[in-house]
1. Please check: in the Gaussian network model of the chain (C-alpha springs, under 10 Å), which one of Ile35, Ile51, Ile18 has the largest mean-square fluctuation.
2. Would you mind finding the longest exposed-site-free stretch of the chain, with exposed trypsin sites (Lys or Arg not before Pro) meaning DSSP loop and at most 12 other Cβ atoms within 10 Å?
3. Stretch Lys57-Met40 to full length: gain in nm at 0.36 nm per residue minus the Cα-Cα span?
4. For Arg55, what residues show an amide H to amide H distance below 5 Å, using hydrogens built from the backbone and excluding near sequence neighbours?
5. What figure, in Å² to the nearest 10, do you get for the accessible area of Phe37 with a 1.4 Å probe and non-protein molecules left out?
Amino acid sequence: MYLHGQQLTEDDHFQDHIDADVPVQVYYQNLHKDIGFVEMYNRHFVKINRIFYSRKKHTFVSRPGY
């Protein structure tokens, strides 16, 4: 599916992670902020652990096997 550490940018990436129940790590300015499962997403935000993260300000990374 996705490589460990692969950056997620497209809607399909987030939907795949929801469907496969694969965790996602969130970074802000190269600092780890959170890791968890995508609850929902839209073109502006990704919701992980009941927190909405901006798709413009944060980086999302696939963490299969975490």
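1. Ile51
2. Details: sites that count: Arg43, Arg50, Lys56, Lys57.
Answer - 1-42.
3. On the way: separation 17, 0.36 × 17 = 6.12 nm, distance 1.71 nm.
Stretched out fully, the Lys57 to Met40 stretch lengthens by 4.4 nm.
4. Result for Arg55 returns Phe45, Val46.
5. 90 Å²
The values are calculated or read from the model by the stated rules, or taken from the named source; none is laboratory data. Just so it is clear, the structure is predicted and the values come from calculations on it, not from any experiment. Cβ: placed from backbone, ideal geometry, glycine included. Neighbour counts: every protein chain shown. Side chains included, ligands, DNA and RNA excluded: accessible areas come from the protein's heavy atoms. Shrake-Rupley method; radii C 1.70, N 1.55, O 1.52, S 1.80 Å.
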